[in-house]
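Below is one structure, written out as structure tokens, with a few remarks after it.
The values are calculated or read from the model by the stated rules, or taken from the named source; none is laboratory data. Small disclaimer: the values here were computed from a predicted structure and weren't measured. All Cβ positions, even for glycine, are placed from backbone atoms using ideal geometry, and neighbour counts span all protein chains on display. Accessible surface areas use protein heavy atoms only, side chains included; no ligands, DNA or RNA. Shrake-Rupley method; radii C 1.70, N 1.55, O 1.52, S 1.80 Å.
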Amino acid sequence: MRIIGGRHRGRAIRAAGSGGVRPTADRVRQALFNILEHGPEWPALDGAAVVDVFAGTGAFGLEALSRGAAHATFIDSNADALLAIRRNAASMGEARAITDLRLDATRLPPPRSAVAPSVVAFLDPPYESGLALPALQGLSTRGWLADDAVAIVEVGAREPFQPPLHHIVVDERVYGAARLIFVRHA
């Protein structure tokens, strides 16, 4: 797996050896970032803070840093995954631009040690887990997201997803087994 755009294009992303991680396909990440970069209704990544929830390999947040984000917060409950993310960020010279937090994404505290609020949130829970909704609710109600933020939720192509109260789906795309849902606070 590699960074697909920006100043770190082509750099390898190494995953933790503990398994259990389902990385998002490069073509899906490319499509997601094309949508973010070319859609006039999205907040700009340049200089922004982003949060990558259920971070796994950290590919979304690392890609955002490569494309101009100033800071990425990575949230995962797996210590090995967070260690791999720190190592990948360091190899790209981005160690100072990240915060990694070992947290249960469905029970988020307020962002005390993270750069917040974020303008873009990436949520990539295990497919068919039902974890996207409580994680997005926590991000929204605990001060992790800016007022104009967009959350991109990746779920299985046929997996049901209903946004939390006061949120609307503004775009949705299916790429093979993955579905990207773009959500905003209403």
task: Let me know the Kirkwood hydrodynamic radius for region 1-94, please, with Cα pairs as the basis and the value in Å to one decimal.
output: 13.3 Å
statement: Carbon and sulfur atoms account, in whole percent of the 1.4 Å probe accessible area of region 59-186, for 50 percent
statement: Length gained if A12 through R158 is fully extended, taking 0.36 nm per residue and subtracting the Cα-Cα distance, is 49.5 nm
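Given C-alpha coordinates of region 80-186, what is the ratio Rg to Rh with the Kirkwood estimate of Rh? Each step should come with its number before you reach the end.
Working: Rg = 14.4 Å, Rh = 14.8 Å.
My calculation puts Rg/Rh at 0.98.
Under 14 Å from the Cβ of V119, count the other residues' Cβ atoms, weight Lys and Arg +1, Asp and Glu -1, and hand me the total.
Working: positive: R67, R184; negative: E37, E41, D46, D52, D147, D148.
The answer is -4.
Give me the accessible area per residue for region 1-159, probe 1.4 Å, as a whole number in Å². Write down the numbers at each step before the final one.
Values: 6870 Å² over 159 residues.
Computed with neighbouring chains in place, this is 43 Å² per residue.
May I ask for the percentage of alpha-carbon pairs in the chain that lie more than 28 Å from each other? Write out the running numbers ahead of the final one.
Details: 2239 of 17205 pairs.
The calculated P(r) of the chain puts 13 percent of pairs beyond 28 Å.
Which is the longest stretch in the chain that no exposed loop site breaks, taking sites as GluC sites (Glu not before Pro) with a DSSP loop state and at most 15 other Cβ atoms within 10 Å? Show your work: numbers first, answer last.
Numbers: sites that count: E41, E128.
Formally, the longest exposed-site-free interval is 42-127.
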query: Once phi is turned into ³J(HN,Hα) by the Karplus curve 6.51 cos²θ - 1.76 cosθ + 1.60 with θ = phi - 60°, what whole-Hz value does each residue of region 112-123 show in order, with x for glycine and proline?
result: 6, 9, 10, 7, 8, x, 8, 9, 9, 10, 10, 10
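What FRET efficiency do you get for N34 and L165 if R0 is 22 Å and r is their Cβ-Cβ distance, rounded to the nearest 0.05?
Rounded to the nearest 0.05, the efficiency is 0.15.
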- prompt: In region 71-161, which trypsin sites (Lys or Arg not before Pro) fall in coil by DSSP and have 15 or fewer other Cβ atoms within 10 Å?
  reply: R107, R112, R142, R158
message: Can you list residues from other chains, or at least 5 along the same chain, whose modelled amide H is less than 5 Å from the amide H of T73?
response: V50, V51, D52, T99
